Amino acid sequence: MSEFDYDLFVIGAGSGGVRAARMAATYGAKVAIAEEYRVGGTCVIRGCVPKKLMVYASKFSHEFEDAAGFGWTVGESQFDWNTLIANKDAEIDRLNGLYIKNLERHNVEIIQSRAELEAPHRIRLTGEDRSVTARTILIATGGVPNLPLDLPGVEHLITSNEVFHLDEQPKRVLITGGGYIALEFAGIFNGLGTETTVLYRGEEILRGFDDDVRATLHEEMEKRGVRIVLHDVLTSVEKKADGLHVTTKQGETMVVDQILSGIGRSPYTKGLGLETVGVELDSKGAIKVDTQNRTNVDHIYAVGDVTNRVNLTPVAIREGAALAETLFNDNPTIVDYENIPTAVFTQPEIGTVGMTEAEAVATHDNLDIYLAKFRPMKNTLAGNDEKMLMKLIVDADSDKVLGCHILGPDSGEMSQLLGIAIKMGATKANFDATMAVHPTASEELVTMKEPSKRIRKDD
């Protein structure tokens with residue numbers, strides 16, 4: 001009989017934790033997973049999946065406008081918030097059920113309770129008032145949305161947790177922050193007909209992305225009617241009969257129906273009992289791990305957003321799989337974080353893989369930059385002047401493509417395929433040798449012959 005109740009106990013049933021639990025059980029481990037909310041985690045329950053469904057919903061208003069140029073007369077259209085929310089909830093319930101069935105099918109015990117570390121190898125299940133033991137413990141609790149806790153009136157703000165469950169659509173919304181979460185919701189609300197303002201303290205939205213993408217997205221979002229205010233932050237919020245009265249540091253005032261805090265996320269480590277067993281955290285509260293996802297406590301591991309490495313669902317899944325391979329299949333596996341393709345479902349959409357121009361300049365001596373901005377074919381008859389952007393960053397010495405950045409329709413779909421090419425080390429000559437697919441926007445990627453800019457160390 002084993003000295004522990006479980007071979008592996010997972011705290012958090014999100015993408016990374018579920019993948020690790022399921023694979024470990026497949027390899028013969030006795031596994032349990034604890035979840036205090038719903039199985040599926042942030043992405044499935046209140047993150048990328050419901051958000052993408054709402055992005056789809058918000059695009060129809062633009063499609064109706066574009067249809068006229070193609071000969072369609074679109075009658076009176078009306079959007080019903082409650083129908084969208086109900087249908088979205090039904091889909092999330094379906095996915096939640098699939099996650100549960102998949103775990104059960106692999107003989108993973110699901111415990112619907114908060115779990116906290118009580119001692120080495122021992123976990124307290126607070127919802128069931130009992131403790132269990134495990135040879136190995138995996139922390140996969142993800143992250144939580146940030147709020148400006150020192151803001152007077154902060155209690156009137158909502159986050160990405162609550163936005164999916166609003167009883168009614170706000171007529172006016174203020175979104176704080178300039179990252180992808182804030183900007184994706186700005187596109188959603190704007191497309192659904194809500195008067196939308198983005199308030200960001202920085203000099204340009206979407207910090208960390210390529211500067212040409214940032215500037216062009218800003219321009220195109222404002223064309224669509226999103227108001228973007230930079231170099232400013234909230235200083236107070238007061239609730240009155242006609243709405244939430246807002247004051248900013250730059251002296252601006254406005255009245256809105258909802259304020260969505262989109263100022264990022266933090267690792268969910270508070271109250272887990274990590275200090276009880278001595279698990280080390282970094283300055284941002286993330287769990288520190290090595291390349292094999294091990295903490296400084298030899299039987300405790302962590303994957304996903306709680307480690308604050310690359311906070312993307314597929315990365316958490318890959319980390320969970322690597323852990324199961326390493327610990328339960330005698331197959332040491334280390335995740336490769338280089339050249340991860342990424343999509344941002346702003347409107348217009350972004351797809352990106354590899355280095356930004358600024359990153360490439362900092363690490364390479366000689367670069368060729370290929371940049372094209374054009375109006376996609378569909379927009380010509382629609383009378384829509386929205387531009388598409390495609391950019392290749394090439395090491396001029398080796399001809400290797402270091403980065404690719406796209407802004408425009410279906411960019412996310414393109415980034416997955418581009419990720420394969422760039423991961424394989426494709427050169428600009430490989431792109432040039434590839435036959436174009438016509439008529440498509442993506443053919444621009446293989447027809448850009450002359451650099452828009454040459455950057456040389458000696459210049």
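For THR126 and GLU203 in one chain, what is 0.36 nm times their gap in residues minus the Cα-Cα distance, to one decimal in nm? Walk me through the intermediate numbers first.
Values: separation 77, 0.36 × 77 = 27.72 nm, distance 4.50 nm.
Additional length available on full extension: 23.2 nm.
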Positive-end extreme of charge dipole, region 130-241 - chosen from ILE181, SER131, HIS165 (charges on Cβ) | SER131
Which of [x] 1.06; [y] 0.94; [z] 0.98 is the computed Cα Rg over 2.2 N^0.38 Å for the structure on display?
-> [x]
Can you give me the relative contact order of the chain as a percent, contacts being Cα pairs under 8 Å and 6 or more apart?
-> 15
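Tell me the volume per residue, in Å³, of the convex hull enclosing the alpha carbons of region 120-164. Don't skip to the end; give the middle numbers.
Working: hull volume 6.6 nm³, N = 45.
Each residue corresponds to 147 Å³ of Cα convex hull volume.
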Aspartates and glutamates near LYS249 by alpha-carbon distance under 12 Å, same-chain residues fewer than 8 away left out - which ones?
-> ASP232
In the structure shown, do any of LYS101/LYS288; LYS59/LYS378; LYS171/LYS239; LYS428/LYS457 have a Cα-Cα gap over 23 Å, and if so which?
-> LYS101/LYS288
For region 420-459 and region 356-402, what is the separation of their C-alpha centers, rounded to whole Å?
-> 9
With viscosity set to 1.002 mPa s and temperature to 20 °C, compute the Stokes-Einstein D of region 154-263, Rh being the Kirkwood radius across alpha carbon pairs; µm²/s, no decimals.
-> 153
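Between the DSSP loop rule and a limit of at most 16 other Cβ atoms within 10 Å, which chymotrypsin sites (Phe, Trp or Tyr not before Pro) in region 33-106 are left? Before the final figure, lay out the partial values.
Numbers: sites: TYR37, TYR56, PHE60, PHE64, PHE70, TRP72, PHE79, TRP81, TYR99; in loops: TYR37, TRP72, PHE79.
When the chymotrypsin sites (Phe, Trp or Tyr not before Pro) of region 33-106 are filtered for loop state and at most 16 Cβ neighbours within 10 Å, TYR37, TRP72, PHE79 remain.
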Tally Lys and Arg at +1 and Asp and Glu at -1 over the other residues with C-beta under 14 Å from the C-beta of PHE70: what net charge comes out?
-> -2
Using the Cβ atoms and a cut-off under 10 Å, what net charge is assigned to the surroundings of ASP7, where Lys and Arg are +1 and Asp and Glu are -1?
-> +1
Computed over region 342-455, the relative contact order (Cα-Cα under 8 Å, seq sep at least six) in percent reads 33
Distance from the Cα centre of region 29-103 to that of region 234-276, in angstrom?
-> 25
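Which of the chymotrypsin sites (Phe, Trp or Tyr not before Pro) found in region 296-364 are in a DSSP loop and have at most 15 neighbouring Cβ atoms, other than their own, within 10 Å? Intermediate results must be reported in sequence, preceding the final value.
Working: sites: TYR301, PHE328, TYR337, PHE345; in loops: TYR337, PHE345.
Counting only loop positions with at most 15 other Cβ atoms within 10 Å, the chymotrypsin sites (Phe, Trp or Tyr not before Pro) in region 296-364 are TYR337.
Can you give the local net charge around THR83? Use residues other than it whose beta-carbon is closer than 14 angstrom to its beta-carbon, Lys and Arg +1, Asp and Glu -1. Show your work: numbers first, answer last.
Values: positive: LYS88; negative: ASP80, ASP89, GLU91, ASP167, GLU168.
Surrounding charge for THR83 is -4.
FYI, it's all coordinate maths here, none of it is from the lab. In this text, all values refer to a predicted model and were calculated from it rather than measured experimentally. Glycine also receives a Cβ, built like all others from the backbone with ideal geometry; neighbour counts cover every protein chain displayed.
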